[in-house]
Amino acid sequence: MRVDILTIFPDFFRGPLDYGIIRRARETGLAEVSIHDLRNFTKDKHRTVDDRPFGGGEGMVLKPEPIFECLESLGGLAPRAERINGSAKQSVIVLSPQGARLDQALAAELSTLERIVLICGRYEGVDDRVSEHLADREVSIGDYVLSGGELGAAVILDTVVRLIPGAVGNEASTRQESFTEQLFAGEGARATPESGPSSTCVSGGLLDYPHYTRPADFRGMAVPEVLVNGNHEDIRRWRRKTALAKTLRNRPDLLERVTLTDEDRELLDEVRSPQAGI
Ligand code: ADE
């Protein structure tokens with residue numbers, strides 16, 4: 001995958017590009033990431049990238065010229081209509097709090113593309129002709145306002161690149177994460193009763209269950225007994241129950257969206273009862 005990031009703070013990306021999975025994906029050629037400084041596409045001596053908004057009001061707006069000229073300099077981009085109708089496996093994205101909210105399904109969709117361009121907004125916004133005529137979509141990373149799109153671009157880069165086959169050492173681990181199972185349902189990701197504990201971490205649209213490693217007793221805090229001594233079936237049931245409990249506590253909205261089995265409902269009743277013990 002090729003990723004181009006358009007920004008007025010190119011140095012911002014030194015950290016995100018140089019560690020962990022992104023770094024390895026770049027080194028192995030799975031992802032080629034280029035950072036473009038929008039100030040290089042200005043024409044005045046102050047390298048101005050922003051201006052006051054028409055109609056008045058607070059703050060500054062990123063000008064359209066540097067963004068259009070930077071994108072046009074990239075080469076290899078398909079016409080906008082082909083990117084939008086999906087015949088070109090490319091997407092040009094503006095980061096904006098007014099965008100469609102990023103979730104795992106959108107990340108999975110983007111990870112199948114050959115090329116993505118991320119345009120980082122700044123100040124009070126970006127001249128809207130960029131969204132209307134140049135970019136294909138606007139994406140927000142959450143319902144809060146950041147001071148710019150750079151953090152959002154880094155988040156998209158991370159969540160998308162790690163879904164490219166081969167980017168994460170154990171591909172099964174990206175499938176087993178919270179939120180992921182429904183995206184891959186039908187591809188055999190669902191645990192079968194015979195497949196034992198290693199496959200029981202698929203949590204079915206719920207938050208993930210808790211994980212522990214050695215030591216079994218750390219400063220008097222013991223790992224749940226069932227994980228140390230339990231059999232596969234007990235572990236599977238405990239993991240499902242704790243995933244349900246965590247989801248009920250932190251993200252009850254997710255419970256509305258998943259199809260619960262009879263066993264799930266039984267486990268939820270246990271969780272809700274005062275003697276839940278987890
Ligand atoms: N720019 C400012 N806030 C943002 C958000 N929540 N997501 C993406 N880009 C942004």
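Derivation of every value follows stated rules applied to the coordinates shown; laboratory data play no part. Just so you know, these numbers come straight off a predicted model, no measurement behind them. Neighbour counts run over all protein chains shown; Cβ positions are idealised from the backbone, glycine included.
Normalized C-alpha radius of gyration of the chain, against 2.2 N^0.38 Å?
Numbers: Rg = 22.8 Å, N = 278, 2.2 N^0.38 = 18.7 Å.
Against the empirical 2.2 N^0.38 Å value, I get 1.22 for the chain.
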Given backbone amide H placed at 1.01 Å from N, residues whose amide H is under 5 Å from that of residue 88, ignoring those fewer than 5 places away on the same chain, are 83
For residue 94, other-chain or 5+-apart residues with amide H closer than 5 Å (H placed, Pro excluded) are 119, 136, 137, 138, 139
In whole percents, the bins of 10 Å from zero upward hold the Cα-Cα pairs of segment 31-89 as 19, 35, 31, 14, 1
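How high is the relative contact order of the chain, in percent, with contacts defined as C-alpha pairs under 8 Å that are six or more residues apart?
Numbers: 416 pairs, mean separation 42.3, N = 278.
Reported relative contact order: 15 percent.
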Given backbone amide H placed at 1.01 Å from N, residues whose amide H is under 5 Å from that of residue 2, ignoring those fewer than 5 places away on the same chain, are 32, 115, 116
With a Förster distance of 30 angstrom and the Cβ-Cβ distance between residue 32 and residue 81, calculated FRET efficiency to the nearest 0.05 equals 0.75
Rounded to the nearest Å, the spacing of the alpha-carbon centers of segment 118-167 and segment 1-57 is 11 Å
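Would you compute, from DSSP H runs of 4+ residues alone, the mean residue ellipticity of the chain at 222 nm, taking -39500 (n - 2.57) per run and dividing by the full residue count, rounded to the nearest 500? Mind dumping the intermediate values first?
Details: 12 runs with 99 residues, N = 278.
Taking each H run of at least 4 residues, the total per residue is -9500 deg cm²/dmol.
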Taking 96-102, 5-11, 70-76, 52-58 and ranking on average Cβ neighbours within 10 Å, highest first, one gets 5-11, 96-102, 70-76, 52-58
Ordered by fewest other Cβ atoms within 10 Å, a rough proxy for footprinting exposure, 39, 265, 236 read 265, 39, 236
The size of the Cβ-based charge dipole (Lys, Arg +1; Asp, Glu -1) of the chain about the Cα centre, to the nearest 20 debye, is 480 debye
Of the candidates 62, 250, 8, the farthest towards the positive dipole end of the chain (Lys/Arg Cβ +1, Asp/Glu Cβ -1, centred on the Cα centre) is 8
If the label point sits 7 Å along Cα→Cβ of residue 145, residues of segment 14-57 with amide N under 20 Å come out as 50-57
